[in-house]
Amino acid sequence: LPSVLCLGNCQLQTPCRIQKCTTDFVSLTSHLNSALEGFDLEFCKALRAYSACTYRNSKVCRGNLVYHSAVLGISDLMSQRNCSKDGPTSSTNPEVTHDPCNYSGHTEAREHQGGEKTPPTTYLFCGLFGDPHLRTFKDHFQTCKVEGAWPLIDNNYLSVQVTNVPVVSGSSATATNKITIIFKSYQDCTDQKVYQAVTDDLPAAFVDGTTSGGDGNIKSLEILEKVSGKYVEMHAKYIGTTVYIRQLGHYLTLAIRMPQELVMAYEESQDLQLCVNGCPSSERIDDSGHLPLPVMGQLLPQGGAAHPRSVYTLETATTKCHEKILVKDIYFYSCVFDLLTTGDANFTAAAYSALQDAEALHPRKEHWHIFPSSGGGGVGKGSKFFVSLRLVCLILVAFL
């Protein structure tokens, strides 16, 4: 017995999983008391589970001395306790206590196997809304043209592509009218599932008509319809990922939370991902988060916007956005920019919903609000932008 217990405590780096077999055996027997009734029964069940684990590893551990010592130790213990080779094994075998299709349990499983604490999972957030405004996984904020089809995410587990179209003639601003998501097949948790939404068609099912992935009652992937035709959520438990898609006015918004280790699981050829690396510099409308405000007080081109007769000045746009967004962060200024660009009040709701989605999915409360800064649109105070906007307001008031 001392030699077997040593195997559980000795930090031996072996290419096979014999250390895990030993650790499981120790955890199954450490609470047993030999002075109590039923000790032999439970100890034998644990030994048989230990023996079965070594048998499963017999090929990969063939030349491992630790493995062979464990096999001999098990045989000796079974003889000492008069344990039969055939019979029930411990029902509390740790090997089957973790759901492989539940990402939140993966860390616990790794801790159990390795015997060491692992750092908590780091989740990242990305959002796209409005004209379109992009919040990357690095909490950088950009406003981009990206007309046509562009990849937001493209890694080993998930692909997300958006299609953007112009919203106002004479302006480089665009908005999203199509979103395609591919949940790639993963072990026995789900087959590949494809979801597609376009303006005025926001389905609550994948393209194959199903609403979930996985076998039987275990829904490792599912779609939930929150508001018919306007808001759906997708929960992929097997990769710890949540996706929100909304339609506001004529356009779509997207918000996603995903574990960092999965976000970064991609090849060099997949580096064009807006959520990961932002928009190419040639596609950006903003300057380090500073939005170029359109000329105020002029009529928008007829037919270019959803509501061409609706005219906003900086003052009225600011008032309209402040009704929904109380903190004057980048979501607020994006709302003002969108109203001045398009005249479409639905963009106010889009900015407000994008902020709500960030608050629901972003793991760090102190980063919910982003302010423009000189450092590439990251998290900061952005006082220069506030001062410049106030100066614009003063100038406008002077000439009105």
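The values are calculated or read from the model by the stated rules, or taken from the named source; none is laboratory data. As the structure is a computational prediction, the values presented were derived from the model and not from experiment. All Cβ positions, glycine included, derive from the backbone under ideal geometry; neighbour counts span all protein chains shown.
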Legend entry - Residue among 275, 321 that is touching a helix residue (DSSP H, G or I) at 6+ places or on another chain (Cβ under 7 Å) and modelled with pLDDT of 95 or more: 321
Inset, instruction - Would you be able to say whether some residue in the stretch 255-269 is loosely packed, with under 15 Cβ neighbours inside 10 Å, touching a helix residue (DSSP H, G or I) at 6+ places or on another chain (Cβ under 9 Å) and either in contact (Cβ under 8 Å) with a residue 60 or more places away in the chain or assigned by the TED database to the domain that holds residue 349 (or both)? - result: yes
Legend entry - Listing of strands (runs of 3 or more DSSP E) fully contained in the stretch 120-160 that carry 1 or more residues being within 16 Å of residue 257 (Cβ to Cβ) and in contact (Cβ under 8 Å) with a residue 24 or more places away in the chain: 123-129, 133-135, 148-154
Inset, instruction - Return the only residue of 198, 167, 162, 194 being in contact with a strand residue (DSSP E or B) (Cβ under 6 Å, 6 or more places away or on another chain), at pLDDT 95 or above and crowded, with 19+ Cβ neighbours inside 10 Å. - result: 162
Legend entry - Checking residue 122 against (1) in contact with a Ser or Thr (Cβ under 9 Å, 6 or more places away or on another chain); (2) of a type in the set (Val, Ile, Thr); (3) modelled with pLDDT under 95, the condition it does not meet: (1)
Legend entry - Boolean, residue 237 is assigned by the TED database to the domain that holds residue 179, under 21 Å from residue 156 (Cβ atoms) and basic (Lys, Arg): yes
